[in-house]
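Report on the following structure.
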Amino acid sequence: MDLKHYIIDIVKKARVASFEIARIDTATKNNALIETAIELEKRTQEIMSENAKDIAVGVEKGLSSAMIDRLKIDEAMVKKMANVLREVVTLPDPVGEITDMIVRPSGIKVGKMRVPIGVICIIYESRPNVTIDAASLCIKSGNAVILRGGSEAINSNKILTSIMSQVCSQAGLPSDCIQIISTTDRNAIKELLIQDKYIDLVIPRGGKGLIKTVVENSKVPVIKHYDGNCHLYVDKDANLKMAEDVAINAKTQRPGVCNAIETLLVHSDIADKYLRSLLPKLKEKSVEIRGCERTLKIDSKIFAATEDDWYKEYLDLILAVKIVDNIEDAIAHIAKYGSNHTDAIVTENYTSAMKFLQEVNSSCVLVNASTRFSDGGEFGMGCEIGISTDKLHARGPMGLKELTTQKFIVFGSGQIRTSK
């Protein structure tokens, strides 16, 4: 395969498709998504069969149980993907929305119109459901999308893209508005990243190594997050039963995802009582605990945390635990070691809650709730195309509106400018 010409052909087709899909009405886009949902459910066994090939290779390569979990598609996952499509259909279409209209002294009316970004390239790892999430949001927001999933999910991604592309084309969308990079050659990524003439935005989803490679090599604007080093701080005024439930959920429900906690911070006033109750429950769920010196005094059988542990995104059943003297120390720890992704506090103290919300510099900050809620679907966005820790153009879970931009529009009645 001539990789360079292969990539150029795809991006050129995507560019043309982006102009066409930007003009498609909401009803046509919604119908395409509904028909895709129906087709996914009809072809569940075929999808699972292709996914089984990826699972077999992953097991052979020794992927962790958490990674296999992210890779697996079963009947429930297919149903979930179909439901995501149906939920995206129910969301307001942001394209064409006009806001901020004002009348100037000259008589012209000035406002803003929301429009698609254009061609969006998604580079992602492991989770094949991202194929459906990303494509559905791009379609609804009027963008063409180029998908480049990881080699570990190549068969799953191909079948999902094939189904969606065929259905959308039959429903009246441009045939090239959804394309997948079918080669697993890693050089394909570098070829994509220099296509700034045709691609408007790159969104990488995956490990820090992937995202670093994208950022360092891209000529195209990138929205990303490097790590999901998420924290839960249990304040001295916390409801300890609530704090236990939140900690267990945030760590163990799906440890291999970016919104699972990696570090638990506990106020010294309640640390002894709280940790003596919590740590055994975490161990029952096979969580390895790495604690600070003060935590080791409460449970000498855990592992001693190193300086590196505070920086790590484990994506596994491992949790770092540190006892802090006050909320200021907790916030300072998050500022130093965190990744600006998602952090939470459990407290009954309103002042402490508001201080945490205002001073923790993360894209999502929660009070008395699990970090696992940091998710586009849970936020009512249908699904998400990624979570941005950047401050420009979008921050936090990215849904339909975040996949559009705005242009100024002006209505006049023959005015001419006379001022210099």
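The values are calculated or read from the model by the stated rules, or taken from the named source; none is laboratory data. The shown structure was predicted, so the numbers you read here are calculated from the model rather than taken from an experiment. Backbone-built Cβ (ideal geometry, glycine too); neighbour counts: all protein chains shown.
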I'm trying to understand the selection: among the residues of region 342-361, which are more than 17 Å from Val257 (Cα to Cα), touching a residue at least 40 places away in the same chain (Cβ under 8 Å) and among the polar types (S, T, N, Q)?
Thr347, Asn349, Ser352
Taking the condition of being at pLDDT below 95 and farther than 22 Å from Leu40 by Cα, how many residues in region 79-104 meet it?
0
For region 254-287, which residues satisfy the criterion of being of a type in the set (S, T, N, Q) and either closer than 18 Å to Ala320 by Cβ or touching an Asp or Glu at 6+ places or on another chain (Cβ under 6 Å) (or both)?
Asn259, Thr263, Ser268, Ser286
Can you spot a residue in region 69-78 that is over 20 Å from the mean Cα position of the chain (by Cα), at pLDDT 95 or above, farther than 17 Å from Ile154 by Cα and surrounded by fewer than 14 Cβ atoms within 10 Å (Cβ to Cβ)?
yes
Taking the stated definitions as given, is Leu357 within 20 Å of the chain's Cα centre (by Cα) and aliphatic (A, V, I, L, M)?
no
One residue from Asp272, Asp185, Asp196 being outside the structural domain of Ser126 (by TED's automatic domain parsing) and among the acidic types (Asp, Glu)
Asp272
Subset of region 357-371, residues of a type in the set (A, V, I, L, M), part of a loop (DSSP other than H, G, I, E, B) and crowded, with 22+ Cβ neighbours inside 10 Å, comes to Val360
Of the listed residues (Glu378, Glu402, Glu359), the one being assigned by TED's automatic domain parsing to the domain that holds Gly206 and of a type in the set (Asp, Glu) is Glu402
Go through (1) part of a strand (DSSP E or B); (2) closer than 15 Å to Val11 by Cα; (3) in contact with a Phe, Trp or Tyr (Cβ under 9 Å, 6 or more places away or on another chain) for Thr183 and report which single condition fails.
(1)
Return yes when Tyr274 is touching a helix residue (DSSP H, G or I) at 6+ places or on another chain (Cβ under 6 Å) and in a helix (DSSP H, G or I) and no when it is not.
yes
Could you tell me whether region 21-33 includes any residue that is among the hydroxyl-bearing types (Ser, Thr, Tyr) and in contact with a Leu (Cβ under 8 Å, 6 or more places away or on another chain)?
yes
Looking only at region 300-323, which residues are crowded, with 16+ Cβ neighbours inside 10 Å and part of a loop (DSSP other than H, G, I, E, B)?
Ile302, Ala305, Lys312, Glu313, Tyr314, Leu315, Asp316, Leu317
